[in-house]
1. Going through segment 345-360 one residue at a time, which ones are within 19 Å of residue 460 (Cβ to Cβ) and surrounded by fewer than 19 Cβ atoms within 10 Å (Cβ to Cβ)?
2. What helices (runs of 4 or more DSSP H) lie completely within segment 249-328 and have 2 or more residues being modelled with pLDDT of 90 or more?
3. How about segment 333-418: which helices (runs of 4 or more DSSP H) wholly inside it have at least 3 residues that are farther than 20 Å from residue 310 by Cβ and either outside the structural domain of residue 306 (by TED's automatic domain parsing) or in contact (Cβ under 8 Å) with a residue 24 or more places away in the chain (or both)?
4. Among the numbered criteria (1) surrounded by fewer than 17 Cβ atoms within 10 Å (Cβ to Cβ); (2) over 16 Å from residue 135 (Cβ atoms); (3) in contact (Cβ under 8 Å) with a residue 40 or more places away in the chain, which single criterion is violated by residue 57?
5. How many of the residues making up segment 60-87 are without any contact (Cβ under 8 Å) to a residue 60 or more places away in the chain and either in contact with a strand residue (DSSP E or B) (Cβ under 8 Å, 6 or more places away or on another chain) or closer than 15 Å to residue 109 by Cα (or both)?
6. Could you list all residues from segment 85-105 that are modelled with pLDDT under 90 and within 22 Å of residue 35 (Cα to Cα)?
7. Could you list all residues from segment 364-388 that are at pLDDT 90 or above and under 24 Å from residue 465 (Cα atoms)?
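The values are calculated or read from the model by the stated rules, or taken from the named source; none is laboratory data. Being a predicted model, the structure only gives us computed values, none of them experimental. Cβ sites come from the backbone with ideal geometry, for glycine too, and all protein chains shown count toward neighbours.
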């Protein structure tokens, strides 16, 4: 009966109905009419009751689930929610979602983000409503149960993917939580962080079934009043594959340290002078509000959704450990303000950085190796010839400044009878224009060199004897915004 169509509302709803069978893992195509009847009985009752009703109002505006008398509500249940049982006469058009014969024309009280019955300027062909079949209609009625309620401006979070098993797993977890909590009494503060945490949990199941990683898209939507809106956050398959690989093997310790130091700092309660005594009603209201907002933010997880567009900023913050300050809206609880390539040298890792370059930035292996080799030579130069070169590379704000310092170091190396640090061709390969690193991003090559240099200097236990002068040299470094 049910099936995936590629539309997030329909697919999440179909997965939610399939997950209603808590004893067996089934696909939407395996949903029986008996299971569908049990599911529609559940939502027909629960959607009209608190705390479900206040949430459903955000998604199905003026819906008869809660905004109608008993007779009108029963008619709505029979003609919309259980339309699959009624063998209705089809319209002379196809369902907008699956192309099967349509039986209804629906509006925003039936399908989120549609227009109302009194307007037709945003519908196809200037006709009111959107054609839909009974199966897609009941799937869309189901999706709120397979969503999570987000805090702030309350919205529904749903997760969609070309991989049907990922759609199922997210919908199953959300629906179980909603049913176990007897409704949506909690609001997620940081949905992107939660999505990554669920992905990490799902990874074990995917590995067991030997399934390929696929992209996901998180939708946060509301259909309420004039504030109808949808926010879309896409996480490409490359980013997810990077996350899965980085959690194991030689990358594991660096990954765990980076994640641990990216959690939001918990605010210490401020001491107050003799607070004004609250009434019992005020105290209960505040207690309820505190209970509703759940979840803690991980900035590293959140910024995975900004890749690959903001790859260099991501790399510079989490792998090179350059502090993030002076950014509009940054809070005191943001741990990135305290990052330091010197204090955090123990977690600066070339291995996880090179994995990031390959998986997320699609950088050529030859270029990666060239940067690594030059970084090794520069680390040796800093230790044996001139310790000041490190801060000069770190402080370089123009391409000509960086190239001049490297050319000086190259010349000094030759003058003491050693092989040059790099040839002309090697310099061009690292710093000049390419598909994955255009000339304007010469600073990316600089940052990569610094990652390798810091790692090598830390391995050689070089930092403790040079920390004071390095801190002095880097005190006025402008962080990347």
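1. Just the residues of segment 345-360 that are within 19 Å of residue 460 (Cβ to Cβ), to begin with: 345-351, 353.
345, 346, 351 - these are the residues of segment 345-360 that are within 19 Å of residue 460 (Cβ to Cβ) and surrounded by fewer than 19 Cβ atoms within 10 Å (Cβ to Cβ).
2. Once the helices (runs of 4 or more DSSP H) in segment 249-328 are filtered for at least 2 residues that are modelled with pLDDT of 90 or more, what remains is 252-260, 299-303, 311-318.
3. Working: elements: 350-359, 365-384, 388-395, 399-415.
Qualifying helices (runs of 4 or more DSSP H): 365-384, 388-395, 399-415.
4. Residue 57 satisfies all of (1) surrounded by fewer than 17 Cβ atoms within 10 Å (Cβ to Cβ); (2) over 16 Å from residue 135 (Cβ atoms); (3) in contact (Cβ under 8 Å) with a residue 40 or more places away in the chain except (1).
5. As a first pass, look at segment 60-87 and keep what is without any contact (Cβ under 8 Å) to a residue 60 or more places away in the chain: 62-79, 82-83, 85-87.
Checking which are either in contact with a strand residue (DSSP E or B) (Cβ under 8 Å, 6 or more places away or on another chain) or closer than 15 Å to residue 109 by Cα (or both) leaves us with 62-68, 72-73, 75-77, 79, 83.
Total satisfying the criteria: 14.
6. Within segment 85-105, 85, 86, 87, 88 qualify.
7. If the condition is that a residue be at pLDDT 90 or above and under 24 Å from residue 465 (Cα atoms), then 374, 375, 376, 377, 378, 379, 380, 381, 382, 383, 384, 385 are the ones that fit.
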